[in-house]
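In what follows, a structure is listed as structure tokens, so that the remarks can point back to it.
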Amino acid sequence: MTDSLDYVRICESCPPADGWGPPVTTQTTLDGVPYAPFSKGDKLARMADWTTEGKDRERGGRMQYNRSYRDQQVYGSSHALTFSAPAAEDESSFSIVSNTRDSAKTRYGRGAVFTRGRGQRGGRGDARNPRGQSQRSGPGGRQGGGYDRGGRGGGGGRGGRRFGWKDYDKPARTREASIQVRGDWHLLEEIDFNRLTKLNLDADEGEDLDDYGFLYYYDRSYDKQPVKGAERKLTALDRSYYSVTASSDPVIQELAERDEATIFATDNVLSMLMCAPRSVYSWDIVIVRQGNKVFLDKRDNAALDLVTVNENAADAPLEAADGNKDVINQPDALAQEATYINHNFANQVVTEGAKVDMNNEHPFYNASEDVDPPASKAYKYRRFDLSTTNDEEPLNLVVRTEVDAVQKNAISGEDQHLTIKALNEFDSKAQGSGGALDWRSKLVTQRGAVVATEMKNNSCKLARWTVQSILSKSDIMKLGFVSRVNPRSNEKHVILGVIGWKPRDFANQMNLSLSNGWGIVRTIADMCLSRDEGKFVLVKDPNKSILRLYEVPNGGLERYEDGEDEGEDEGEEEAEE
């Protein structure tokens, strides 16, 4: 039988009519041998390809010329039946006997059906859903914006959000602000977190101005992994703890009178401002400008004094208003518990024997008034230069940092300063746990996974602790893992282990940028320095990733500083009327 290549040789000997190639003819046979129609644009090597016979025609689709079928011959493919060999005998009486189910295997397993719209990048399957309704009719126009009831994924177009099973029936949360904004407050600035993350300022390593207090030595026995069933219990020790704001600190007041800097703050407030883009819960900072000085303060019993739990978890703990009937696992109760654990853990892991005295005595302890002895704490006042160029006037910041303990270096024998913090586990199976592993069984075998989960669920808290360690120039940051004895009770706890990191290394693991934090501090300070003297309040919106800067009139914060409630004041006014 003459093949297609012999046909090409025959056609080459024919004289051309109106151009190159064989003449146009309606003849479908050559010397009694049928041949398939041809396309002048086909390659010689693909002149006849019968392997794609009717594949798309059987599916009801239409084969189009695109990248997937660029090298396949389409023209005349249906004529391949002409060259099929006739059956030698009747095969209608034969059948295949099999007891296995005829089911097509897919990469997703038996019965897996996923539909995606054409608008989604990398989509598979037809553009119509199983009901036969086109996705083009959605609110997104040609690239439909919804997802069908049986489909896996949603919005068409590039960058559309893909919905998962965790997003189904997720309750909408409305959190309350940390401070009630009054009607006479004047809004100055509204800053989105996206703008904050783009700020950048390279500050120096800082210099020590003076230090106060004393430090006990850290008990290295806590670094050893405890035997299962013989963990140490967390005990409450009566020690005096001080959280004095910047404007009330006598040392900072003295430094301000000596004109040592322009901005004054504590590490608690400064770390919150530097890690603002990671925060979820509402918080507020009181900014006081006196002359050419700016003080970053906090209110008494403010949200900054509490340690949050799973703030950044995808399914954070629910409030009572959102339907959480478990009282001890609500955000406020968990924050109180975590704060209690941190204070007692730092006091328990030190040995109250030999101590290291700083250059000056404790700045806040008064033996005649305070009943409990002071805790192991060193207050280091350090200065940082926030100037952007060498030509401008220096803009210095003084921050009061805290160090919790000291230990001997195993190699050099020198004293190393430590900051001691504690992570707490309430219930790995309860709502709001953030998919955390069981610490009792996984802390030894999968320590990396436990730490990675905590970095995800408590990103803001760990970032603040890391910034505080770097600001104080601590050598080691100790993290303790404390869990409840009984998940249903928040009164008794045990210490499951302690892990130490260098603060700079831990910041790199968390992708924490100090230059971005310094850029945020410099931006907020410039906003206040450009205004007249007075008080300002920087508030994190409870439900949005936005910071708002308000100008507060004289006496606008007295009710909060005195611990009075706005609702009580309104009730008293109504009673007087």
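What follows draws every value from the coordinates through simple rules; no lab data is involved. Small disclaimer: the values here were computed from a predicted structure and weren't measured. With ideal geometry, Cβ positions are generated from the backbone for all residues, glycine too; neighbour counts draw on all protein chains shown.
Sequence-distant contacts, meaning Cα pairs under 8 Å at least 6 residues apart, place the relative contact order of region 421-498 at 37 percent.
The residues Ser433, Ser412, when put in order of fewest to most other Cβ atoms within 10 Å, stand as Ser412, Ser433.
Restricting the trypsin sites (Lys or Arg not before Pro) of region 435-530 to loop positions (DSSP other than H, G, I, E, B) with no more than 13 neighbouring Cβ atoms within 10 Å leaves Arg488, Lys492.
Going from the fewest other Cβ atoms within 10 Å to the most, the residues Thr235, Thr453 appear in the order Thr235, Thr453. Phi-derived couplings, Karplus 6.51 cos²θ - 1.76 cosθ + 1.60 at θ = phi - 60°, listed residue by residue for region 357-363: 8, 7, 5, 10, 6, 4, x Hz, with x used for Gly and Pro. When you count the other C-beta atoms within 10 angstrom of each residue and take the mean per peptide, 274-285, 312-323 line up highest first as 274-285, 312-323.
Near Thr453: Cβ cut-off under 12 Å, other residues only, Lys/Arg at +1 and Asp/Glu at -1. The net charge is 0. By the gyration tensor of its Cα atoms, with a ≥ b ≥ c the square roots of the eigenvalues, what is the shape of region 281-389: rounded for a/c under 1.5, prolate for a/b over b/c, or oblate? Oblate shape, in that a/c is at least 1.5 and b/c is the bigger or equal ratio.
Note on region 186-571: Kirkwood radius taken over Cα pairs, Stokes-Einstein applied at 25 °C and 0.890 mPa s, translational D equal to 112 µm² s⁻¹.
Extension gain, Lys325-Asp438: 0.36 nm per intervening residue step, less the Cα-Cα distance, totals 38.4 nm.
Go through Lys380/Lys429; Lys377/Lys540; Lys325/Lys380; Lys228/Lys544; Lys429/Lys540; Lys473/Lys540 and tell me which ones have a Cα-Cα distance over 32 Å in this structure. Lys380/Lys429; Lys325/Lys380; Lys228/Lys544, as the Cα separations exceed 32 Å there. Neighbour counts of other Cβ atoms within 10 Å put Val494, Val399, Val288, Val350 in the fewest-to-most order Val494, Val288, Val350, Val399.
Packing, as the average of other Cβ atoms within 10 Å across residues, places the peptides 331-344, 240-253 in the order 331-344, 240-253, highest first.
Annotation for region 307-399: trypsin sites (Lys or Arg not before Pro) lying in DSSP loop with at most 10 further Cβ atoms inside 10 Å of their Cβ are Lys325. Given their separation in residues at 0.36 nm each and the Cα-Cα distance between them, Arg173 and Leu209 gain 8.4 nm when the chain is fully extended. Could you tally the net charge around Ile285, taking each other residue with its Cβ under 10 Å from the Cβ of Ile285, Lys/Arg +1 and Asp/Glu -1? Result for the local shell: +1.
Less than 5 angstrom separates the built amide H of Asn543 from none of the residues sequence-distant by 5 or more or on a different chain.
Here's how it looks for His493: its modeled amide H is under 5 Å from those of Leu234, Val485, which are all 5 or more places away or on a different chain.
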